[in-house]
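Down below is the structure, laid out as structure tokens.
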Amino acid sequence: MGEAIGPMLASAVAVALSPLPLIAVLLILAAPRGRANGLAFTAGWVLGLGVVATVVVVAGNALDPDDGRPTWSYWLKLGLGTLLLLLAVRQWRDRPRPGHITAPPTWLLGVDRLTAARAAGLAVTQVVGHPRTLLPAVGGAASIAAAPTGAGAKAVAAALLVLIGSLGAIVPLTVHRRGTERSIRALGEWRAWAATHSAAITTTVPAVLGAAYLGDALAGLT
């Protein structure tokens, strides 16, 4: 089982470190119908990651050659690593400059008008439509699919990928449900921290993971 879990951990942590679910859940919880919409968003995030992981693992198993050397995963990681490095460069170039105000993403502007269904749909969209989430999710699932282990171990590893990658949504929702003054203060501090360090995270994490993917790909193909 460790052969399937170990290689995907870095990818799962990269998904969890994305500021997207944390900021989205914190804003949703502060809006009308916050608790219900926050739960719906979290469910949609878990569902989106689960679909991505399942599709990649199933497709990867179908591509596994008889000789046991999954070269497809190395080529995939070569492409993912390149895209992640390009993403990191773009994030660095587009980082907020001192004294300049950056317009918020359009999806943030309608948070106070969300229904539960739209909150869930927003989460799925953020998973499958955003490179910072989709690329490491695909990379982690590819590592699972390429692991020389059984279907049961791969299923457990995929479930862990989804769980770890969803912590950014699960943790603030869990803290909010406590409803204490301390928990509310903590959520406010997390929101401020995420807003302050978002640019650094969205640049550093893709750069490090992209370099790791390229290293794995080059080692496997040469």
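The values are calculated or read from the model by the stated rules, or taken from the named source; none is laboratory data. All values derive from a computational prediction rather than experimental measurement. Don't worry about glycine lacking a Cβ; one is built from the backbone with ideal geometry, like all the others, and counts go over all protein chains shown. Accessible surface areas use protein heavy atoms only, side chains included; no ligands, DNA or RNA. Shrake-Rupley method; radii C 1.70, N 1.55, O 1.52, S 1.80 Å.
A simple count of charges around Val111, restricted to other residues whose Cβ falls under 13 Å of its Cβ and scoring Lys, Arg +1 and Asp, Glu -1, yields +3.
The angle between the Cα long axis of helix 151-165 and the main principal axis of the chain comes to about 30°, on a 0 to 90 degree scale. Shown is the FRET efficiency for Ala31 and Ala186, computed with R0 = 22 Å from the Cβ-Cβ distance and rounded to the nearest 0.05: 0.75.
Normalised per residue, the accessible area of the stretch 139-222 is 48 Å², obtained with a 1.4 Å probe and no contribution from ligands, DNA or RNA. With the full set of protein chains in place, find how many percent of the accessible area of the stretch 157-222 is carbon and sulfur; take the probe as 1.4 Å. Answer for the stretch 157-222: carbon and sulfur cover 65 percent of the accessible area. Each other residue within a Cβ distance under 12 Å of Leu87 adds +1 if Lys or Arg and -1 if Asp or Glu, for a net charge of +2.
Per atom type, the stretch 1-93 shows carbon and sulfur on 70% of its accessible surface, probed at 1.4 Å. Short-range pairs are left out: with C-alpha atoms under 8 Å and at least six residues apart, the relative contact order of the chain is 47 percent. A straight chain from Arg178 to Val58 at 0.36 nm per residue would run longer than the Cα-Cα distance by 39.4 nm. For the chain, the 222 nm mean residue ellipticity estimated from helices alone, with every DSSP H stretch of n ≥ 4 adding -39500 (n - 2.57) and the total spread over all residues, rounds to -26500 deg cm²/dmol. In the set [x] 1.08; [y] 1.00; [z] 0.96, the label that goes with Rg/Rh (Cα atoms, Kirkwood Rh) computed for this structure is [y].
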